[in-house]
1. If the cut-off is a Cα-Cα distance under 21 Å, which lysines reach Lys208, setting aside same-chain residues fewer than 8 apart in sequence?
2. Using only Cα atoms, find the angle between the long axis of helix 220-247 and the longest principal axis of the chain, and express it within 0 to 90 degrees, rounded to the nearest 10.
3. In debye, nearest 20: dipole of the chain around its Cα centre with unit charges on the Cβ of K, R (+) and D, E (-)?
4. With label points built 7 Å along Cα→Cβ from the Cα atoms of Ile191 and Ile75, find their separation and express it in nm.
5. Expressed as a whole number of Å, what is the distance separating the alpha-carbon centroids of the stretch 24-101 and the stretch 141-210?
6. Find which of Leu220, Leu179, Ser41 sits farthest along the positive direction of the dipole of the chain, computed with +1 on the beta-carbon of Lys and Arg, -1 on that of Asp and Glu, about the Cα centre.
7. Hey, what number do you get for the chain at 222 nm if only DSSP H runs of n ≥ 4 count, each worth -39500 (n - 2.57), divided across all residues, to the nearest 500?
8. Going by C-beta contacts inside 10 Å, put Ser189, Ser217 in order with the fewest on the left.
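Bear in mind that the values in this text are calculations on the coordinates, not laboratory data. All values reported here derive from a predicted model rather than from experimental measurement. Cβ placement follows ideal geometry from the backbone for every residue including glycine, while neighbour counts extend to all protein chains displayed.
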Amino acid sequence: MANWSDPRVTGATPRTADPLEGVRVPTTAARDAGLRSYMLSVYNYMASGVLLSGIVAMLFAQSGMAAQVFGGPGILKWVILFSPLIMIFAFGSVVKRGSTAAVGAMFWAFAAVMGLSLSSVMLIYDGAQIAQAFFATSAAFVALSLYGYTTKKDLSGFGTFLIMGVIGLIVAMVLNMFLQSGTLNLAISAIGVLIFAGLTAYDTQRIKSMYFQVAGSDMLGKTAIMGALSLYLDFVNMFQFLLMFMGGNRD
């Protein structure tokens, strides 16, 4: 926000005021440096969250506890599976009332709980399939996020369409729980990859735009973490759908 100098003239000799005198306008270099620092923070949080989830998933699976929880009866597996969803809804309240440190702690807790949930993947697919899907997702994520960051095209309308697609995808997945169709499952996997690939570009552009709205405010740190959460979810969902697609029909 521009800081204007006092317009009152204290000297005895009148003079013509420069309309830009006293205005502190951030230089393009300063704005670019601030944006780069902000986006770097977003990507650092996102990548660290993915790493934490991967470590937790691997340890939980290798310990044998994942097989016991997800392979047997009991409510614990449902608690693990639905806890990340509940935490996502709780993020809004933490952002409004908590500090940046509290939001960060919530993010790390979410990544850890999500890791417990993702450990079920290691019970279905082998290491080679998981590694192949992960590296393919990583390459696609980098390319799509770079596009979202650099493109001059407004992706907001595209994002609305994709969010509607997510809702349709959820409905199709619930429906297929009863139909148990391998063909529909394959279609859901392919569409899911495309939807979250598009959301990666959309969310990157949205996060970039948010910087100019919160720069200089105490919301900057919180916004960076919430941006990281959005990209984390895009990455993880794209990875899971790609793994389902590459793994084929496992009915």
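1. Lys96, Lys152, Lys153, Lys222
2. 30
3. So the magnitude is around 360 debye.
4. 3.4
5. For the stretch 141-210 versus the stretch 24-101, the Cα centre distance is 19 Å.
6. Among Leu220, Leu179, Ser41, the one farthest towards the positive end of the dipole of the chain is Leu220.
7. On the way: 8 runs with 192 residues, N = 251.
Calculated mean residue ellipticity at 222 nm is -27000 deg cm²/dmol.
8. Ascending number of Cβ neighbours within 10 Å: Ser217, Ser189.
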